[in-house]
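Following: one structure in C-alpha cells, then a few remarks.
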Amino acid sequence: MDPIKVKVIQEFNAELGSDLKNLGKIPQLHERLQHERNNIEKSLSLASTEAPSKVKAAIEGVDKINNEIEELVKISNDLEQVLIEQLQQDSKIDGIRENVDKIEELQRALSYLYLVKSIEDICDEIEGSLLAKDDKLTITLYANLTERNSQLQSSTCHHLVTYLHDTLHFWHNYLKDKFTAEYNEILKALKWPFCGSNLNLSTTPSLDAMARFSTVTEYLLQLQLPEETAKPAVTSSLLTDFIPVSLPILLLIRPLRRRFIYHFTGAKQTNRLDKPEWFFTQILTWIRDHTEWVRMNVQPIANSLGLDHINAKVEFMRGLVQLAVEKLYSELPNMQYDDALFAHLIDEALGFERELRDTLLYPASQPATVFVLTQAQIFVKWVNMEKKYATEKMDAILSSETAWERLMGTDIDDMKVTECAEAFLTLLMTITDRYSHLPQPGHRLQFLELQLELVDDWRVRLLQLLHEDYEDPLTSIMPRILNTLHYVSSVLKEWGATVHFLQLHYFKKQSDVTELSVEKLAETSENPGDEDDSVFDEALALLQRLERELVNEISNSVALDVKAKSRPYRTDKWFAMQSEKELASLSVTPSGCPMFQELAARLNTLQDILALPLFNKTWKNLAAQLDQYLLEEIAVVNQFNSGGAAQLQYDIVRNLLPLFGLYTNKPEAYFPLIKEATILLNMALGSAMLLLKALEGNEDTAEVLADVGIYKMTEDIAITVLRNRTDISSQ
C-alpha cells in the first residue's frame, strides 16, 4: 500500500479512535486540513518570488568581504616591508651599543687600574716617608689609605677590596710595630708604669719626653684600624662584652699586664687560691695610681683629633678590669667544689665590683666581675651558697646568748630593738649590697626571692620559740619576740619604698603579668588597687598577723591578771555604801586597791618591755577589755545606792582613768561604757525615772540617750543599769 495512504489512515485512527461517536469530528478535521493546505501553498508561492533577490544580496556581500580582505593583505605587506627596514636599522644600533658597552668596560677597567695604581702610589709614598723618617707624612698617607678603604666598602670588586684590606693590615702592623717600639722607649723615659721601683722616683719627666709622648700617642690614635676590618681576638665568649681599647691605651696597659701575669699565674707565691683579694687589690691600686695621669695626658690628644667617642680613663680602667675578669674566670672552676674558697672569692669579687662602681666611678654600662658571676652554673652555685650561709647565720643569731638583749641608742630606745632583730636585718642588707650591682633584673629577682624566703623562715623560727610554755607572757621571751617582729616589719616597710626595691617590684609585676592568663589579666586591669604595694607585702602580712596575735595574747594575759584581783571589788556591797554627805571626802574603794595596783604594775611593766607602738596597741586593747568587763561584771549585775554610785564614779574618774592618762590626753575616750554607766547611776532620781520611762515607752531611744550623754551603750543595757539603782528598784 502507498505509504502516504498508510500515514493518512494512521492519522484518522489517531483523531477518531474506535468510538463511532467521534465521526462527528470529520467536518472539523476536514476544515483544519484545508486550512493547513492553503498556508503551505501560500508559502510556496511567496518563496518562488523572493528567492532571486536574496541570492543577489548574498553575492554582493561576498564581493565586499573579498575586497576588504585584499586591502588588508596589502596593508599587511606594507607593514612587513616597514618592519624589515626597521630591523635593518636596529641591527646597526646594536652594533653601536656593543661598542659603547666595550668602552664602558674599558673605562671601569681603567678606573680599577687607577685605584690599584693609587694604592700602590700611596704605598710607595709611605715607603718614601719612612726612609725620610717623616712620621707625620707617614700617618697622613696611612689615613688616606684608610679613607680609600672606607670608600670601597660597598664595592662589588671583592678582589680589590681584599687587596686593599691586606695592604691596610700590612701597613698597620708595620707602623704599629715601629711606633710601639718608640712608644715603649718613651714610656721607659717617663718611668711608666708608676709602680714598683718607679713609684719611688719623684723626678718630673722632661718636656721633650712629654712632647714626644703626645706626638706618638697622636700617631697611634690615627693608626687605628677601621671597625669593619678590625678582628679582635676573643679568648672566650665572656670577653665579647669588652670592647677593644684604643692602641695607646693598649700599650699603656701592656707592662701592667706582664706584671699581672708574672705575679698571678703559675707557681708564684702571690698566686694563691685562698687570696683572691691580692689580685683584685692590685688592679684597684693600678687604677688609682694611673687613671688621673691617663686622663690628663691622653684624653686631650683624643679630643684634639675629634675622637670624642674615646674616653681614655674608662678605656684604661676597662683594660685592667679585663685582667681581673680573665683571672676570675680561670679561678672559678677550681673553687666550685670548695664552699669556703668559693664564698671567699665571691665576696672579694663583689667587693671589687663595689669599689669600682662606687669609689672609682667605673660606669655601670661597662662590664666587670658580675658578668662572670652571673653565668648560669656559677650563679646557681652562688645563690645556693648565699642561702646556706644565711641559714647558718640565722641559727647563730638565734642561738646567741645575747640574742634577745636590747640594743641601746637614742634613736632606737622607743623600739626596744633586740640584738637578733638588728643582726637579721644586717644579714638581709648584706645580701642586698651583694646583688645590687647585678645588671640583669632577673638575677636580682632571684636574690629577692631568697630574701623573702629568709624572712618567712625567720618568722617560722620565732613561731617555734613561742610554742614553749610560759607561765607569765610578760616575764617570758614573748615581748622580746614581739618587739623583734615589729622592728623587722617596720624596717621592711621602709625598704619597700626605696628605689632599689621599687624597681624590683616593678620587674616582678612585669614577670608575673607575662604568666597570667587572659582572664586574670583582664581582672587585674579592672581592679587596679596595687599602686602602694611593695615586694614585702606578703611577708609583712604574715609578720603583722603574728604581731597582732601576740599583742592580743599579752593584753589578754594582763586583763586576766587584773580581773583575778577584782573579785572583792566587783562583789562589794554597792547597795549599802555611805553617801557623800555622810563622808568627809571620798577615797578609793578598799576592795579595788589590789585591782588598781595590779593594773598599774602591769601597765608599767608593759611600757618597759614593749616598743612604744606595740605598747600603745596593747594598752588600748586592754582598756577596751576592762571597759567591757567593768560594765558587765559590776554595773550590770550589782545594785547601787547613791553612795555606791558615787563611789564607783570616783573610782573610775580618780583612779582608773589617771592610770591610762599617763599615755593619752583623753583616757575617758577608751572607757565609754563604764563612764556612761556612772552617768546613769548618778543622775538625779527624777531624770533617771523619766529616762527609764522614755526607754520603756519605745520612743526614739538613740536620741533620748544622746540627750543625757549616752552614745555607746545599748537601750537594753541602759534600762538594766537604771533598774539597778536602789532608789528606782524600791518603788
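Just to confirm the number: angle between the C-alpha axis of helix 478-496 and the first principal axis of the chain, 0 to 90 degrees, nearest 10? Between the helix axis and the principal axis of the chain, the angle is about 30 degrees. Between the amide H of ARG725 and those of PHE640, distances stay under 5 Å, these residues lying 5 or more places away or on another chain, with hydrogens modeled in the peptide plane.
Against the chain, whose longest principal axis is taken from its Cα atoms, helix 276-297 shows a tilt of about 60°. Of all lysines in the structure, the ones whose alpha carbon falls short of 19 Å from that of LYS675, not counting any fewer than 8 places away in one chain, are LYS563, LYS620, LYS666, LYS712.
Using the Cβ-Cβ distance between GLU120 and THR162 with R0 set to 22 Å, the FRET efficiency from 1/(1 + (r/R0)^6) comes to roughly 0.90. Near THR418, the amide H atoms lying under 5 Å from its own belong to LEU407; only residues 5 or more places off or on other chains count, and H is placed 1.01 Å from N. Think of segment 292-360 as having a plus end and a minus end, set by charges on the Cβ of Lys, Arg, Asp and Glu; of ALA349, PRO300, LEU320, PRO300 sits farthest toward the positive end of this dipole. Against the chain, whose longest principal axis comes from its Cα atoms, helix 3-16 is set at around 30 degrees. Selection among ASN682, TYR114, LEU72 by position relative to the dipole of the chain gives ASN682 as farthest towards the positive end (Cβ unit charges, Cα centre). Each Lys or Arg adds one and each Asp or Glu takes one away; over the other residues whose Cβ falls under 12 Å from the Cβ of ALA624, this sums to +2.
Readers should treat all values here as calculations from the given coordinates under stated rules, not as data from a laboratory. Keep in mind the model is a prediction, meaning the values are calculated, not measured. Heads up, the Cβs are rebuilt from the backbone with ideal geometry, glycines too, and the neighbour counts pull from every protein chain shown.
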